[in-house]
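The values are calculated or read from the model by the stated rules, or taken from the named source; none is laboratory data. Quantities reported herein were computed from a predicted structural model and do not represent experimental measurements. Neighbour counts run over all protein chains shown; Cβ positions are idealised from the backbone, glycine included.
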Amino acid sequence: MGSSPRGRLLAAALAGVLALSACTGPYELPSPSPDPDELRWCEQVMAALPETVLDATRGETTAPELTAVWGDPPISLRCGVDKPKRLEPGSECFEVNHVGWFAEEGRGGMVFTTIGRPVYIEVGVPTAYAPEANALVDVAEAVSIVPVEQPCV
């Protein structure tokens, strides 16, 4: 990750999730603060998330209205996050089941953020699940609820 505040936050969030994977009880993920329009999209996405991602079962989080986890170490999803600082108009975008993603290396895995939709959704995937992008296949249907404003090009 870069040394930007957003990069450090993403690294800290993923490291925190990985460190908590041995704990019992709900996982503590930083809760996003989406605006009201984004919150409406997040509610729909969260309701549509699968019970399993990469054959890992969904667990509990401290902010289930905006976050989700699967497995141990946990794959994490947060809806309504800020735009990644390193995401620029010329940034590489790759598509998984018609959902555009921006990828960044995190501490202990990859962090993927949706591109081209009115709300940013972040998925953190530990290296234990390599290739990490495979997790995006399982969440793509739920994320696709949010309409595309700008296709991945």
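Here are some notes:
- Flag for G25 being farther than 17 Å from V123 by Cβ, at pLDDT below 95 and either exposed (fewer than 14 other Cβ atoms within 10 Å of the Cβ) or among the small types (G, A, S) (or both): yes
- Scoring A47 on the criteria (1) modelled with pLDDT under 95; (2) more than 21 Å from A130 (Cβ to Cβ); (3) of a type in the set (A, V, I, L, M); (4) loosely packed, with under 15 Cβ neighbours inside 10 Å leaves a single failure, condition (1).
- Scanning region 65-112 for residues that are in contact with a Cys (Cβ under 7 Å, 6 or more places away or on another chain) and among the charged types (D, E, K, R) turns up just one, E95.
- If the condition is being farther than 16 Å from A133 by Cα and hydroxyl-bearing (S, T, Y), then region 55-81 contributes T57, T61, T62, T67.
- Residue check for E95: in contact (Cβ under 8 Å) with a residue 40 or more places away in the chain, touching a helix residue (DSSP H, G or I) at 6+ places or on another chain (Cβ under 7 Å), among the acidic types (D, E) and closer than 22 Å to P151 by Cβ: no
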